[in-house]
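Novice: Here's a structure for you.
The values are calculated or read from the model by the stated rules, or taken from the named source; none is laboratory data. Just so it is clear, the structure is predicted and the values come from calculations on it, not from any experiment. Note that we place each Cβ from the backbone using ideal geometry, even for glycine, and neighbour counts take in every protein chain shown.
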Amino acid sequence: MLFKTRGVVTKTVNYGEGDKIITLLTDTHGKIQAMARGARRTKSKLIAGTQLFCYGEFLLYKGKSWYYIDQVEIDNTFYKLRNDLIRLSFGTYFIELINEITQPELAPGNLFDLAVQTLETLSDETTDPELILRAAEIKALAYSGFRPQLRRCANCGRPGEMVAFSPSAGGVICRECRDSGLYGYSISSQALKIMDLMLRWDLDKLKCLKLDLELYKELEKVMRAYVAAHIEKDFVSNRFIDSIKKIK
Ligand SMILES: [Zn+2]
């Protein structure tokens with residue numbers, strides 16, 4: 001039986017002679033895998049709609065082991081992401097992260113709208129891509145159950161002055177906990193303030209912030225460690241990002 005759902009393409013794999021298997025984050029069925037028959041053939045009406053990042057309304061039906069794509073009504077292919085290596089690499093990392101943290105056949109809640117908004121904002125050339133990526137990353141983690149604790153010690157629960165960020169404890173830690181041997185990255189109060197804003201403000205409001213390079217470096221280091229502590233995956237796209245940053 002055919003049904004319609006909004007979806008974002010989070011992964012594509014070529015299959016057979018001219019087919020593609022795509023992973024789709026849908027707003028109704030969570031993450032699903034769908035076969036796009038003939039999608040690599042030049043005359044296929046599925047070519048554009050089955051590319052990575054594509055967002056639209058998908059007409060699907062369920063077969064024995066796959067979903068099959070019948071039609072795609074494209075809302076946005078986010079083609080502007082492909083005009084800029086940094087934006088493209090950030091978009092690729094973000095969509096890889098989304099693909100990793102969403103569950104099959106489970107409604108994705110806020111993560112779906114976050115995915116669409118992030119791709120929209122990242123492909124807008126007037127935004128600061130690094131700011132958008134860090135904000136989207138921390139929000140994605142928060143929506144999937146890993147909201148970092150930023151106000152009280154994540155280890156003992158006490159309020160007061162926080163001296164470090166411990167990825168394994170799940171947030172900031174106090175001096176006593178650190179001195180008792182819990183490992184944490186030193187973090188500035190400014191970085192903590194920005195992380196807190198990133199959790200509370202939406203991307204539209206956040207995109208007006210201006211941060212300096214040192215702060216980005218700090219946020220990147222802490223957030224990568226935080227992602228690594230909670231999500232078991234070696235993100236190939238992060239190595240891509242590092243190699244591009246070296247060239248720049
Ligand atoms: Zn503590």
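Novice: Against the definition (within 23 Å of Asn110 (Cα to Cα), free of Cβ contacts under 8 Å to residues at least 60 places away in the same chain and of a type outside the set (Lys, Arg)), how does Cys208 come out, yes or no? Let's see the steps before the verdict.
Specialist: Values: within 23 Å of Asn110 (Cα to Cα): yes; free of Cβ contacts under 8 Å to residues at least 60 places away in the same chain: yes; of a type outside the set (Lys, Arg): yes.
Answer is yes for this residue.
Novice: Within the range 30-54, track down each residue that is under 24 Å from the mean Cα position of the chain (by Cα) and basic (Lys, Arg).
Specialist: Lys31
Listed here are the residues, each with its yes/no results for (1) touching a strand residue (DSSP E or B) at 6+ places or on another chain (Cβ under 6 Å); (2) at pLDDT below 95; (3) acidic (Asp, Glu); (4) in the same structural domain as Lys62 (by TED's automatic domain parsing).
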position	(1), (2), (3), (4)
Thr92	no, no, no, no
Thr102	yes, yes, no, no
Glu105	yes, yes, yes, no
Gly109	no, yes, no, no
Gln117	no, no, no, no
Leu122	no, no, no, no
Thr127	no, no, no, no
Ile132	no, no, no, no
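Novice: Another question, if that's okay. Out of the residues in the range 175-197 that are under 29 Å from the mean Cα position of the chain (by Cα), surrounded by 17 or more Cβ atoms within 10 Å (Cβ to Cβ) and not β-branched (Val, Ile, Thr), state the one that is nearest to the ligand (Cβ to nearest atom). Outline the logic, then answer.
Specialist: Taking the range 175-197 first, the residues under 29 Å from the mean Cα position of the chain (by Cα) are 182-197.
Then keep just the ones that are surrounded by 17 or more Cβ atoms within 10 Å (Cβ to Cβ); that gives 182, 184, 187, 191-192, 194-195.
Of the ones still in play, those that are also not β-branched (Val, Ile, Thr) are 182, 184, 191-192, 195.
On the way: Leu182: 8, Gly184: 10, Ala191: 19, Leu192: 15, Met195: 18 Å.
Among those that are under 29 Å from the mean Cα position of the chain (by Cα), surrounded by 17 or more Cβ atoms within 10 Å (Cβ to Cβ) and not β-branched (Val, Ile, Thr), it is Leu182.
Novice: Next up: Go through the range 169-201 and give me each residue that's assigned to a loop (DSSP other than H, G, I, E, B) and either in contact with a Pro (Cβ under 8 Å, 6 or more places away or on another chain) or over 15 Å from Leu211 (Cβ atoms) (or both). Steps first, please.
Specialist: Residues of the range 169-201 assigned to a loop (DSSP other than H, G, I, E, B): 169-170, 180-184, 187-188, 201.
Within the range 169-201, Ala169, Gly170, Ser180, Gly181, Leu182, Tyr183, Gly184 qualify.
Novice: Tally up the residues in the range 7-26 that are surrounded by fewer than 18 Cβ atoms within 10 Å (Cβ to Cβ) and either among the small types (Gly, Ala, Ser) or touching a residue at least 60 places away in the same chain (Cβ under 8 Å) (or both), please.
Specialist: 3
Novice: Still on this structure, I have one more. Are any residues in the range 149-168 away from the ligand (no atom under 12 Å from the Cβ) and either part of a helix (DSSP H, G or I) or of a type in the set (A, V, I, L, M, F, W, C) (or both), and if so, which ones?
Specialist: If the condition is that a residue be away from the ligand (no atom under 12 Å from the Cβ) and either part of a helix (DSSP H, G or I) or of a type in the set (A, V, I, L, M, F, W, C) (or both), then Leu150, Phe165 are the ones that fit.
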